[in-house]
Amino acid sequence: MCSIFASGKRRIIFDMVCKSMYLSAVSAEMYEETFNILSPSRQERILAMKTETEKRNAVAFEMIARKCLSALTDAPEFAFNILTGINKLCLVSNFSAYFSLSMADDFLCCVADKVPVGIDCRHVAPFRFSEAQKEFSDVELRQIYATTVRSLADIVRFDVCDVKDEMLQYWKLYTMKEAYFTARGRTFRNLRDVNFEFTNGEVRCSDEKFLYDSSHKSPDGQYVFSIVKKIV
């Protein structure tokens with residue numbers, strides 16, 4: 001896991017645990033080991049799913065969530081009564097802990113903490129300037145294009161951006177906003193409802209109750225994910 005753009009001097013350290021993995025790298029033995037520690041009712045719900053992909057994904061979600069929670073609390077992986085779900089704040093009914101999951105294609109990531117926390121993962125791909133204008137403030141747009149050598153006229157004219165650094169900045173900001181909504185437990189999401197400001201290497205969220213923690217790239221550089229947590 002490669003860290004990029006940590007939040008700087010406002011960073012507040014909690015006992016956070018973050019893990020990521022490629023689903024294609026998970027062996028049948030690992031799936032079986034996780035499935036066997038689940039409660040009978042949990043196993044029944046998974047077996048009732050329609051496709052093998054749904055079943056494998058559900059077990060993978062359980063696997064990574066339980067590994068994060070175990071590392072966070074020092075409790076065994078089977079001990080947690082959890083409700084998993086992608087891109088939502090998840091609770092643990094029998095422990096004081098929170099976690100969230102996000103998946104893009106074959107890449108899955110999870111974060112667990114003692115405070116409400118959100119994570120979001122996206123594939124680093126070309127984007128449209130016309131769409132970015134709808135999603136980000138002028139300050140955020142300047143951050144996306146901070147290293148560009150193109151004129152504004154060219155950016156508007158060609159619209160689609162496939163420049164590596166600019167794609168990374170775009171998806172980093174996108175995941176920051178989505179992670180914020182997850183940490184808030186908010187299902188209706190308008191990216192314009194929250195903004196992030198960049199000053200002297202420090203990142204501030206417009207909602208002062210929440211803190212941008214960090215952003216990371218997957219080992220192959222194809223995905224970026226960000227973490228936002230509540231300040232308590």
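The values are calculated or read from the model by the stated rules, or taken from the named source; none is laboratory data. Remember, predicted model here, so these are calculated numbers, not experimental data. Because the Cβ atoms are built from the backbone with ideal geometry, glycine has one as well, and the counts that use them run over all protein chains shown. Side chains are part of the model used for accessible areas, which takes the heavy atoms of the whole protein and leaves out ligands, DNA and RNA. Shrake-Rupley method; radii C 1.70, N 1.55, O 1.52, S 1.80 Å.
Some values worked out for this structure:
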item: A48-R128 FRET efficiency (beta carbon distance; Förster radius 30 Å; 0.05 resolution); result: 0.15
item: Carbon + sulfur, % of accessible area of the chain - ligands and nucleic acids excluded, 1.4 Å; result: 51
item: At 1.306 mPa s and 10 °C, Stokes D of the range 50-207 from Kirkwood alpha-carbon radius, µm² per second; result: 92
item: Charge dipole (debye, nearest 20) of the range 55-124; +1 at Cβ of Lys and Arg, -1 at Cβ of Asp and Glu; result: 120
item: Euclidean distance of C-alpha centroids, the range 157-228 and the range 43-115, integer Å; result: 23
item: Dipole moment magnitude, nearest 20 debye, the range 95-232 about Cα centre, only Lys, Arg, Asp, Glu C-beta charged; result: 340
item: Additional length obtainable on full extension of the chain from K164 to S27, 0.36 nm per residue less Cα span; result: 46.1 nm
item: Label point distance in nm, R150-N200, each placed 7 Å from Cα along Cα→Cβ; result: 3.3
item: Accessible surface, per residue, of the chain when the full set of protein chains is kept, probe 1.4 Å, Å²; result: 50
item: Dipole magnitude of the chain, debye to nearest 20 (Cβ charges: Lys/Arg +1, Asp/Glu -1, about Cα centre); result: 560
item: Within straight-line cross-link reach of K217, aspartates and glutamates at Cα separation under 13 Å, skipping those fewer than 8 residues along the same chain; result: D120, D165
item: Within the chain, helix-based [θ] at 222 nm, where runs of 4 or more DSSP H residues each add -39,500 (n - 2.57), nearest 500; result: -11000 deg cm²/dmol
